[in-house]
Amino acid sequence: MSELHLYNSYSRQKEKFEPITPGHVGLYVCGPTVSGESHLGHARPYITFDVVNRYLQHLGNKVRYVRNITDAGHFEEEGREAEDKVAKKALLEMLEPMELVHKYTSLYHWGMQEFNCLEPSIEPTATGHIIEQINMIEDIIAKGYAYEVNGSVYFDVKKYASEYPYGKLSGRVIDDLLETTRELEGQEEKRDRADFALWKNAPPEHIMRWKSPWGEGFPGWHIECSAMSSKYLGQRFDIHGGGMDLQFPHHESEIAQSTIAHGCAPVNYWMHNNMITIEGRKMGKSYNNVIKLTELFSGNHPMLEQPYHPMVIRFYILQTHYRSTLDFSNEALQASEKALRRLWEAYEVLQKLPVPANAEAADAALDANIRTFCHNCADDMNDDFNTARVLANLFELAPTINGIKGGQVKAGAISSATHELMLHTFKTYLEDILGLKPLQQNRDAKLDAVLQLVIEMRKEARNRKDYAASDKIRDMLAAEGIQLKDEKGGEMSYSID
RNA sequence: GGUAUCGUGGCCGAGUGGCUAGGCUCAGCUCUGCAAAAGCUGCUACAGCGGUUCGAAUCCGCUCGAUACCUCCA
């Protein structure tokens, strides 16, 4: 039995996973900024780390999964002018930050549910932890690694970098950062270009503001994760995850802040998922190629040929290793839809198949192959969460399962124990760990009864060789998206799109 | 410009130096009243050029190409 190894972005290699406290795992994942609707790009980290969470639990760990909501910062909504530009308008016409936060948090939660992502143990908000952030900033100032200018506080990267390996996580060279020629807002306040804000003074028109030792303002971009992760997981915890694009500056800054405030590096294992691309380009606001989740599920987007079921998206994401880029296309998603459907049907067939009575397999080679594919699932998950290979293993089982049903594989070819092992493997990996669900659920009992009636009528028509009638029934149902399948022995089954 | 990552068959994608990844598509066959479904078979690739090695998609070098980060970003 192999042990879990995962790729640590910090060391840039696969490492054996050993939790700080055996049997317990602290997992922190950077959550969304709820100033806009979640999109396809957001789906990847949350599905990726949902599987990480599920698998760690499967291995017997008690996982505390913390995923934050970033609800502080500069808030604007598309199609609506920012508050500072319409200061004179009536209160109800003004942009109320909580309104946006509420709306998009709800939409995000809805999306996560659609994807069948388990809820995190704690979902802290940035605005709910202003005091913790202020405390942490004060601590960093007291230790001499931050300075205040005009009500804003900046982290002294140069000083930090002279003593600690700043840039190691993201492969950055500090001298290059210091030479950046880019002009940025508020740059003149910083002692050095590489410095980053811990606290920002709020200009009069800024609507989100809190009192602090440095005047009214709001927290910087990186401090919330450090403050909240240490509060709920400890100053040093096991896994921190997020998208690759957060490696720099976000996570690099987190390491620097926490190292000074707590005297130790905050995280043992850094995990970063790769990006989803569209036509080879990263999906992002700046590229104008964002597909929102609502659009994805409804098909209401110029780039979409059809709606895509959340489980198809989940399957499509899990078919690729999380550290590879994943290119979006209608073709790829449609292939995923067919593949998931076929795999799930094989699973359902398996569940309905009678367990063979024989303890010995009639086809020893086949039996051994099946067992190997089942056992490989654990090894593949342990190899840095290789969900693509897990799915490939499950697909390998499908021909045998369908073959037993269709009669191409002899009953008794595999042993009863192997049959049970297949059932267990599907249940454990497909449902529990990969978190997949069938595309159509809660089949309506009345619809089923009606269909059984229709099937009965078609059987009768076929029995009297009235093929015109039997074909008509089949064609009319097909037009409604219901496929009838004639099986051996005159039985019929159906599937609904 | 700096720093990384990547380049796999019609498409998507996994790959630990030697053994069929897998999915989708396509073609043929079996089954079937005809279909569909299912099963079987076939399509056998690793950007290019060198090098290391008994042996490289996998290691090294160069070239070309792509992307990402360096700015809010999953």
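Scan region A:107-127 for residues that are open to solvent by 50 Å² or more (accessible area, probe 1.4 Å) and not acidic (Asp, Glu) and jot them down.
A:HIS109, A:TRP110, A:GLN113, A:LEU118, A:SER121
Scan region A:239-266 for residues that are within 20 Å of the chain's Cα centre (by Cα) and more than 9 Å from RNA strand B (Cβ to nearest atom) and report the count.
The qualifying residues number 3.
Any residue that is touching a His at 6+ places or on another chain (Cβ under 8 Å) and under 22 Å from A:VAL25 (Cα atoms) - is there at least one of those in region A:209-226?
There is at least one residue in region A:209-226 that is touching a His at 6+ places or on another chain (Cβ under 8 Å) and under 22 Å from A:VAL25 (Cα atoms).
Output the residue which, of all residues in region A:451-485 that are over 41 Å from the mean Cα position of the chain (by Cα) and among the acidic types (Asp, Glu), is farthest from RNA strand B (Cβ to nearest atom).
Applying the filter and picking the extreme gives A:GLU456.
Quick one: which residue in A:LYS488, A:LYS446 is open to solvent by 80 Å² or more (accessible area, probe 1.4 Å) and within 14 Å of RNA strand B (Cβ to nearest atom)?
A:LYS488
Is it the case that A:PRO204 is at pLDDT 70 or above and farther than 20 Å from A:GLY220 by Cα?
no
Which numbered condition trips up A:LEU350, out of (1) buried (at least 16 other Cβ atoms within 10 Å of the Cβ); (2) closer than 30 Å to A:TRP270 by Cα?
Tallying (1) buried (at least 16 other Cβ atoms within 10 Å of the Cβ); (2) closer than 30 Å to A:TRP270 by Cα, A:LEU350 fails exactly one: (2).
Evaluate the following for A:THR400: is it among the hydroxyl-bearing types (Ser, Thr, Tyr), near RNA strand B (Cβ under 8 Å from one of its atoms) and within 18 Å of A:GLU348 (Cα to Cα)?
yes
Of the residues in region A:394-448, how many are modelled with pLDDT under 95 and on the phi > 0 side of the Ramachandran plot?
3
Among the candidates A:ASN330, A:ASN358, which residue alone is open to solvent by less than 50 Å² (accessible area, probe 1.4 Å), more than 21 Å from A:ILE414 (Cα to Cα), more than 9 Å from RNA strand B (Cβ to nearest atom) and polar (S, T, N, Q)?
A:ASN330
Being within 13 Å of RNA strand B (Cβ to nearest atom) and surrounded by fewer than 21 Cβ atoms within 10 Å (Cβ to Cβ) is the filter here; which residues of region A:11-32 pass it?
Scanning region A:11-32 gives A:SER11, A:ARG12, A:GLN13, A:LYS14.
The values are calculated or read from the model by the stated rules, or taken from the named source; none is laboratory data. This structure is a prediction, so every number in the text was calculated from the model and none was measured. Positions of Cβ are backbone-derived with ideal geometry, glycine not excepted, and every protein chain shown enters the neighbour counts. For the accessible areas, the whole protein counts, side chains as well, though only heavy atoms, and no ligand, DNA or RNA atoms are used. Shrake-Rupley method; radii C 1.70, N 1.55, O 1.52, S 1.80 Å.
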